[in-house]
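The values are calculated or read from the model by the stated rules, or taken from the named source; none is laboratory data. Because the structure is predicted, anything quoted here is derived from the model rather than measured. Neighbour counts are summed over all protein chains in view; Cβ atoms, including those assigned to glycine, are modelled from backbone coordinates with ideal geometry. Protein only, heavy atoms only, side chains kept; ligands, DNA and RNA dropped before computing areas. Shrake-Rupley method; radii C 1.70, N 1.55, O 1.52, S 1.80 Å.
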Amino acid sequence: MGVRIATGVVLIALAVVWLFFTDFAIFTMGALFIYMVCAYEMGPLLKFKSRIPFVVLAAAAATAMFAIAPPGEYIESGVPVYMKYVVVIALPFWALAIFLVKSYPANVKWHENKVINCVVGLFTLVPFLQGLLILRATNYAQDYNEGAYLLLSVMALVWAADSGAYFTGRALGKTKLMPEVSPKKTYEGLYGGIVLAIVVMYIAKYYNYYSVFGKDELAFLAAAFGAIVLSTFGDLMESMLKRLVGIKDSGKILPGHGGMLDRLDSQTAAVPVFLGVYWLVSGELFNVAM
């Protein structure tokens with residue numbers, strides 16, 4: 001427990017420095033590092049005997065994305081609409097992920113196909129990476145830290161949902177959510193997590209931490225609720241993949257916590273879902289495209 005707590009403290013300190021005390025170039029390098037570590041850990045979950053093939057594929061995807069739209073331009077001329085589509089594509093993917101998780105273990109043949117596995121891996125990580133960059137770049141020229149508070153507030157929805165689910169589940173949990181995938185998760189925990197996340201959402205909104213994403217009330221609420229609910233399936237999706245290959249933790253980079261992917265599985269869904277839902281409900285994506 002001591003190692004877990006110590007690692008958590010260090011992670012919080014590093015996250016604060018990364019978000020609030022680095023310029024956008026360093027932030028981008030940090031985001032890319034997180035992305036590549038997750039890709040390294042993802043390989044075995046996709047049934048690759050070696051981690052190298054998927055790491056190379058993920059690196060090629062990030063390189064192509066950065067070549068088409070250098071992130072540095074986001075803070076100068078804005079985010080190109082085609083990069084927003086890279087994020088929005090996560091929405092149908094996570095809808096499919098819900099089906100895959102709910103149909104486990106009856107429907108697992110897809111996991112034998114390496115091409116499908118690669119698509120699953122890329123659709124999990126690429127929109128997440130792009131989402132991190134877009135959130136942090138928000139109004140960067142006007143207020144250096146606005147995007148940092150925005151990204152922190154989106155990620156806090158997941159932390160609150162996880163914490164609320166953990167404590168409510170321990171105290172009141174009786175009805176198993178998906179015992180085949182994650183035996184400890186309960187419906188009571190899920191509801192408790194949603195309630196705490198809503199509280200955190202309104203606190204952050206009161207302080208205007210959601211920046212431009214808090215202006216359209218309907219779009220904001222849809223985006224926030226979408227992120228909260230889908231974050232659970234980000235966690236369940238990784239749990240299912242680990243069960244399919246018989247792995248307990250995705251890695252060992254974080255002592256007491258497992259791998260990077262173990263800590264960010266919920267965020268890989270929440271970040272792009274928040275952005276994608278907001279753009280779709282507000283109509284911003286279509287207005288820009290026109």
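Return an integer: the convex hull volume of the alpha-carbon atoms of region 107-166, in Å³ per residue.
91 Å³
For the chain, what does the helix formula give at 222 nm: sum of -39500 (n - 2.57) over DSSP H segments with n ≥ 4, over the residue count, nearest 500 deg cm²/dmol? Before the final figure, lay out the partial values.
Details: 12 runs with 212 residues, N = 290.
The helix-only estimate for the chain comes to -24500 deg cm²/dmol at 222 nm.
Which of the chymotrypsin sites (Phe, Trp or Tyr not before Pro) found in region 173-245 are in a DSSP loop and have at most 15 neighbouring Cβ atoms, other than their own, within 10 Å? Could you put the intermediate results ahead of the total?
Numbers: sites: Y187, Y191, Y202, Y206, Y207, Y209, Y210, F213, F220, F225, F233; in loops: Y207, Y209, Y210.
Loop-located and lightly packed - Y207.
Could you give the semi-axes, largest first, of the ellipsoid that matches region 131-264, computed as the square roots of 5 times the alpha carbon gyration tensor eigenvalues and rounded to whole Å? Provide the component values of the computation, followed by the final result.
Working: eigenvalues 168, 72, 28 Å².
In descending order the semi-axes read 29, 19, 12 Å.
Using a 1.4 Å probe on the protein heavy atoms, what percent of the accessible area of the chain belongs to carbon and sulfur?
Numbers: 9240 of 13570 Å².
Using a 1.4 Å probe with all protein chains present, the chain comes out at 68 percent carbon and sulfur.
Would you calculate the separation in nanometres between label points at Y191 and V9, each defined as 7 Å from the Cα along the Cα-to-beta-carbon direction?
It is 3.8 nm.
Farthest toward the dipole's positive end in the chain, which of I89, V273, L261, given Cβ charges of +1 (Lys, Arg) and -1 (Asp, Glu) about the Cα centre?
The residue sitting farthest along the positive end of the dipole is L261.
Looking at the chain, do any whole DSSP H helices span at least 30 angstrom along their long axis by alpha carbon and average -0.5 or above on Kyte-Doolittle, and which? If you can, show how the numbers build up before the last one.
On the way: long enough: 24-45 (32 Å, 1.53); 114-137 (34 Å, 1.67); 146-172 (38 Å, 0.90); 217-245 (42 Å, 1.20); 260-282 (32 Å, 0.82).
Length and hydropathy pass: 24-45, 114-137, 146-172, 217-245, 260-282.
What chymotrypsin sites (Phe, Trp or Tyr not before Pro) in region 108-174 are in a loop by DSSP, with at most 15 other Cβ atoms within 10 Å of the Cβ? It would help to have the intermediate numbers written out before the result.
On the way: sites: W110, F123, F128, Y140, Y144, Y149, W159, Y166, F167; in loops: Y140, Y144.
Counting only loop positions with at most 15 other Cβ atoms within 10 Å, the chymotrypsin sites (Phe, Trp or Tyr not before Pro) in region 108-174 are Y144.
Charges at C-beta only: +1 for Lys and Arg, -1 for Asp and Glu. How large is the resulting dipole of region 135-287 about its Cα centre, in Debye rounded to 20? Please list the in-between numbers first.
Numbers: 13 positive and 13 negative charges, 120 e Å.
Approximately 580 debye in magnitude.
Looking at this model, which pairs from K47/K185; K205/K242; K114/K252 are more than 32 angstrom apart at the alpha-carbon? Before the final figure, lay out the partial values.
Working: K47/K185 25 Å; K205/K242 36 Å; K114/K252 24 Å.
From K47/K185; K205/K242; K114/K252, over 32 Å: K205/K242.
For T186, list long-range residues whose amide hydrogen, built 1.01 Å from N in the peptide plane, is under 5 Å from its own amide hydrogen.
L177
Output the Kirkwood hydrodynamic radius of region 33-162, Cα pairs only, in Å rounded to one decimal.
On the way: mean 1/r = 0.0616 Å⁻¹.
Roughly 16.2 Å, rounded to one decimal.
For region 94-199, compute Rg over Rh where Rg is the Cα radius of gyration and Rh is the Kirkwood radius from the inverse mean 1/r over Cα pairs.
Numbers: Rg = 17.6 Å, Rh = 16.3 Å.
Using only Cα positions, Rg/Rh for region 94-199 is 1.08.
Over region 218-290, consider all pairs of different Cα atoms and compute the Kirkwood hydrodynamic radius from their mean reciprocal separation; express it in Å, one decimal.
On the way: mean 1/r = 0.0740 Å⁻¹.
For region 218-290, inverting the mean 1/r across all distinct Cα pairs yields 13.5 Å.
Which percent of Cα-Cα pairs in region 1-63 sits in each 10 Å bin, short to long?
All Cα pairs, binned at 10 Å, distribute as 20, 34, 33, 13 percent.
Could you tell me the relative contact order of region 1-70? Use alpha-carbon pairs under 8 Å, at least six residues apart, and round to a whole percent.
Numbers: 27 pairs, mean separation 11.7, N = 70.
Value for region 1-70: 17 percent.
Grab the eigenvalues of the alpha-carbon gyration tensor for the chain, scale each by 5, take roots, and send me the semi-axes largest first in whole angstrom.
Each semi-axis is √(5λ); the values are 27, 23, 19 Å.
Restricting to Cα pairs below 8 Å that are 6+ residues apart, what does the relative contact order work out to for the chain? Please round to a whole percent. It would help to have the intermediate numbers written out before the result.
Details: 398 pairs, mean separation 68.4, N = 290.
Contact order relative to length: 24 percent.
Just to be sure I follow the definition: excluding the sites themselves, where is the longest run in the chain that has none of the trypsin sites (Lys or Arg not before Pro) in a DSSP loop with at most 12 other Cβ atoms within 10 Å?
Values: sites that count: K49, K174, K215, K248, K252.
Of all site-free stretches, the longest is 50-173.
Which shape class, rounded, prolate or oblate, goes with region 53-112 when its Cα gyration tensor gives a ≥ b ≥ c as root eigenvalues, a/c under 1.5 marks rounded, and past that a/b bigger than b/c marks prolate?
It comes out oblate by the Cα gyration axes.
Can you give the alpha-carbon Rg of region 1-105 over 2.2 N^0.38 Å, where N counts its residues?
Values: Rg = 17.1 Å, N = 105, 2.2 N^0.38 = 12.9 Å.
In units of the globular-protein estimate, region 1-105 measures up at 1.33.
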